[in-house]
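Report on one structure; see the data block that follows.
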Amino acid sequence: MKITYSVIAPIYNEIDNLPELYRRVKEVMDSNGESWEFILVDDGSTDGSMDAILELAAKDKTVRPVIFARNFGHQVAITAGWDYARGDAVVIIDADLQDPPEVILDLAKKWKEGYEVVYAVRGEREGESWFKLWTASLFYRLIYRITDVKIPVDTGDFRLMDRRVVNVLKQMKERHRFPRGMSAWVGFKQIGVTYKRAARHAGVTKYPFKKMFRLAINAITGFSYFPLQVATFFGFFSAGVSILAIPVVAILRLAGSHFFEGQATTLISVLFLGGVQLISLGILGEYVGRLYDEAKGRPLYIVREAPEDNK
Ligand code: UDP
Ligand code: MG
């Protein structure tokens, strides 16, 4: 059977959201009248979400479960969704109903107009702490400034992509992933649709600050050399300062000044330079560690159970 839409939802401990997610997505997609499938990727849930997904799949053939052997993370769950999707258009949606399923129809409309990537832009956001809003806003703007691809600000992973785009993305096997960056990187005809991001239907965020920070590092290292260039910049800067300082200090000493005497000055400059060097080493380490991960070539995810009819 030919499938027009694949809707992918990554699920990590979303037991209280699943029934409502299923109901609302089904209502929207059925009203659309075209064939569709619902790919629910269980990312190693421990709260019974997996059984709930399998139960839905047993009742309804549109539901296709992909069950991970453990938690691999949101980005990898989305990737598995791409791998198993069969539709001409592929939609990614959060399972917590922060992305209203009704917006899928707006995305689909733009797709029918010929756009190949239709991303949803968060106009307003409900029910989130000022800290989350502030860090998110900073994150989007920072990424926009320093990465080489222009990743639209205030967009999450909620988007619709044409089959051609998904086929390209499936070839991008990088381990530390930033899907919204990847889908901007591929090019094609892209457009944004603004929507109001709702509060979580139930449960708590699965993105504590630590995970957000990792995601930001993935985005930056995945799409730019900026941190490495900062190290170079600091190197030139310190070298420049010291070259200028040598004659100044020499002249002052010859003139009998005691201004630059003492251990404190030496200690401070040694500590400063030592710090800069260690930070640069750490940055280098981030890139080397990523290279090492790529070199190992392990599978991106392991499925315990997945639809067999295709991949
Ligand atoms: N998620 C996942 N694996 C994880 C963390 C999150 O599959 O390790 C899913 C989660 O179930 C949800 C989506 O990713 O469907 C977005 O997560 P969340 O709503 O917690 O993030 P927030 O909206 O707070 O940024
Ligand atoms: Mg959420």
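The values are calculated or read from the model by the stated rules, or taken from the named source; none is laboratory data. What you see is a predicted model; the values in this text were computed from it and never measured. Don't worry about glycine lacking a Cβ; one is built from the backbone with ideal geometry, like all the others, and counts go over all protein chains shown. Heads up: the accessible areas ignore ligands, DNA and RNA and are worked out on the full protein's heavy atoms, side chains in. Shrake-Rupley method; radii C 1.70, N 1.55, O 1.52, S 1.80 Å.
Of these, 204, 186, 165, 153, which one is open to solvent by less than 20 Å² (accessible area, probe 1.4 Å) and of a type in the set (A, V, I, L, M)?
Result: 165 is the single residue among 204, 186, 165, 153 that is open to solvent by less than 20 Å² (accessible area, probe 1.4 Å) and of a type in the set (A, V, I, L, M).
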Looking at (1) under 29 Å from residue 6 (Cα atoms); (2) within 19 Å of the chain's Cα centre (by Cα); (3) at pLDDT 80 or above; (4) not in a strand (DSSP E or B), which is the only condition residue 142 fails? (1)
Does residue 114 count as within 16 Å of ligand 2 (Cβ to nearest atom) and on the phi > 0 side of the Ramachandran plot? no
Among 14, 20, 55, which is the only one that is open to solvent by 10 Å² or more (accessible area, probe 1.4 Å), within 16 Å of ligand 2 (Cβ to nearest atom), at pLDDT below 95 and out of contact with any helix residue (DSSP H, G or I) (no Cβ under 6 Å at 6 or more places or on another chain)? 20
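For residues that are assigned to a loop (DSSP other than H, G, I, E, B) and without any contact (Cβ under 8 Å) to a residue 60 or more places away in the chain, scanning just the range 168-183, find the one that is most open to solvent (accessible area, probe 1.4 Å).
This residue is 171.
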Any residue in the range 52-78 that's over 29 Å from residue 173 (Cα atoms) and away from ligand 1 (no atom under 14 Å from the Cβ): show its pairings with residues that are of a type in the set (Asp, Glu) and modelled with pLDDT under 95 at Cβ separation under 9 Å, as long as the two are six or more apart or on different chains. 61/37
Answer from 158, 131 - the residue that is open to solvent by less than 40 Å² (accessible area, probe 1.4 Å), within 16 Å of ligand 2 (Cβ to nearest atom) and more than 25 Å from residue 288 (Cβ to Cβ): 158
In the range 191-201, which residues are open to solvent by less than 70 Å² (accessible area, probe 1.4 Å) and either aliphatic (A, V, I, L, M) or within 13 Å of ligand 1 (Cβ to nearest atom) (or both)? 191, 193, 197, 198, 199, 200
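Being more than 16 Å from ligand 1 (Cβ to nearest atom), surrounded by 13 or more Cβ atoms within 10 Å (Cβ to Cβ) and closer than 30 Å to residue 273 by Cα narrows it down to one residue among 215, 244, 228; which is it?
228
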Being open to solvent by less than 30 Å² (accessible area, probe 1.4 Å) and touching a strand residue (DSSP E or B) at 6+ places or on another chain (Cβ under 6 Å) narrows it down to one of 98, 75, so name that one. 98
